[in-house]
1. With viscosity set to 0.890 mPa s at 25 °C, what whole-number translational diffusion coefficient in µm²/s follows for the range 195-314 from Stokes-Einstein and a Kirkwood radius over Cα pairs?
2. Give me the log10 of I(q) over I(0) for the range 20-182 at q = 0.19 Å⁻¹, as the Debye formula computes it from C-alpha points; what are the numbers?
3. What net charge do the residues around residue 284 carry, taking every other residue with its C-beta under 10 Å from that of residue 284, with Lys and Arg at +1 and Asp and Glu at -1?
4. Compute the relative contact order of the chain as a whole-number percentage, counting only Cα pairs closer than 8 Å that sit 6 or more residues apart in sequence.
5. Local charge sum around residue 434 (other residues, Cβ-Cβ under 12 Å, Lys/Arg +1, Asp/Glu -1)?
6. Which of rounded, prolate, oblate describes the chain, given a ≥ b ≥ c as roots of the alpha-carbon gyration tensor eigenvalues and a/c under 1.5 marking rounded, otherwise prolate only if a/b is larger than b/c?
7. When the chain is fully extended, how far beyond the present Cα-Cα distance does residue 318 get from residue 379, taking 0.36 nm per residue of separation?
8. Can you work out the FRET efficiency for the pair residue 150 and residue 301, with r the C-beta to C-beta distance and R0 = 35 Å, to the nearest 0.05?
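Nothing in this text is a laboratory measurement; each read-out follows from the coordinates by a stated rule. Predicted, not measured: the structure shown is a model, and the values here were computed from it. Using ideal geometry, Cβ is built from the backbone for each residue, glycine included, and neighbour counts are taken over all protein chains shown.
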Amino acid sequence: MTERCDPDSMLPTNGFDCHRIIDVATMFLEESLQEVTHDRIAETARQVTSAGIVLLNLYDSGGRDYQTRAMAGAGAVAPRIREILGFDPVGARWQYDMARFERIAARTVTPFESLHDYTGVRVPPERILRLEQELGFGPVWLAAIRKDGKMLGDFVLISSGDLPLQNAPLLELYTRLVGLFLVRRNAERELQKSHERFLLAVNGNRDGIWDWDITTGDLFLSARWKEMLGYRDDELPNVIDTFRDHLHPEDRPRVMKYVDSYLKGEFRHYQIEFRMRRKDGEHLWVLARGEALYDAQGKPCRMAGSHTDITEKKEFDRRLEELAATDALTGLWNRRHFFEVGKNELARCRRYKSPVSLLMMDLDHFKRINDGHGHAAGDEVLRAMAGILKGNLRDVDVPARIGGEEFAVLLPSTGVEGAVVAAERVRRAVEGARVSHEGRELVFTVSVGIAGCCTQARDLDELLRAADAALYHAKQDGRNRCRSESNLV
């Protein structure tokens, strides 16, 4: 069963699997770009937002006229839509509309009150009214797809009834991801046409070209390649050491081994990601693609390819992973991530015979805060609790919010005695904390259950049960205290 995301977070609340958008990112930017269909792009947008119907429009090279390339979610009513409109929207071309363009220019997601409001005069009003009345279309949103300030296309999201738009922040991330994909796919198509068009495409997409004569050792590095690293063309020599010396020290052995294995014919396609040092000392992520030529004796004699700056894509990956693993209200890890880390830590505990402990925490009488001061005050207290955990634990510890007012902390390489010290430190910090809300000062306390284990622990559930039992005793003993269970040794 797919776990639903926290309803307070920016992540989907409509049953959409949070991790699928990370799979979409991989599909767009690492797999075969030409095999990703427009229907698949539109359907993913529909799943993210729970819109009734989604249209994908792509603009021409001038960013003005555009064409509808896909329609997702229409299903059985698609023939009726075509009948009422008098044409098939998929494939239809639309002329530039200054009023529409100005309306969507300032924001990524633009609301329209109705389909009629969105279409304006481009479709006879009576046809649009029939669509709205017969098919129950509600509000419409237009999500712009841009890259480097250029309009590449948009999604038209049509609501069923008066349902609100779901997951607007995630939709914005998705449109930016689609923008990156469209640029890369266009570049790939240009590569197939001619060598000259290839050079124009990679220069326009910030790609660097390299050409290595393996026999002589000469290496050509294009001006764009050097510019990616922050250099002028005349500042770096065209030698293999220029490439090798700018590799990140941690990546250098792996990359050089990969090149050697490719030239030996151990695999057919050369594609690898690594980091390179810029002139300013920062590092960027590069996607390297290339191909080698072999002489009559089967020895590699030449290799050429491109380097693409994928730093932005890597940041997207990092951000999406973070969103999928983080509790939006407190900034702590969420329940799913905590259980993943916990299982891995117990495996490490068994393998290396190192201790691990777990703290289960529950804010005392938290319902009184919500009932007496409102949920906004309760949220402030939860955020304050998260700050206390971050400020009183080690960097290696794993604090998480696993329920409404429930928190858990995994303490690697820590026995029960050390866990008691950590728990007591947190408890005292909570006891002394004060939260200001609307002119009032709120105080709160926490009860803590502690459990520890080593190689004999069967699984994480056993550790959680022990910590939960200890937490129960802490509450029974009067709350605002720490209790440990020693049934796991």
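1. Stokes-Einstein gives a translational diffusion coefficient of 166 µm²/s.
2. -1.31
3. Details: positive: 275, 277, 278, 314; negative: 282, 309, 312.
Its environment carries a net charge of +1.
4. Working: 864 pairs, mean separation 49.1, N = 489.
Once normalised by length, the contact order is 10 percent.
5. Numbers: positive: 440; negative: 380, 431, 441.
In short, -2.
6. Numbers: a/c = 2.48, a/b = 1.24, b/c = 1.99.
Taking the square roots of the gyration eigenvalues as a ≥ b ≥ c, the chain is oblate.
7. Details: separation 61, 0.36 × 61 = 21.96 nm, distance 2.62 nm.
So the extension gain works out to 19.3 nm.
8. Numbers: r = 40 Å, r/R0 = 1.14.
Computed FRET efficiency for residue 150 and residue 301: 0.30.
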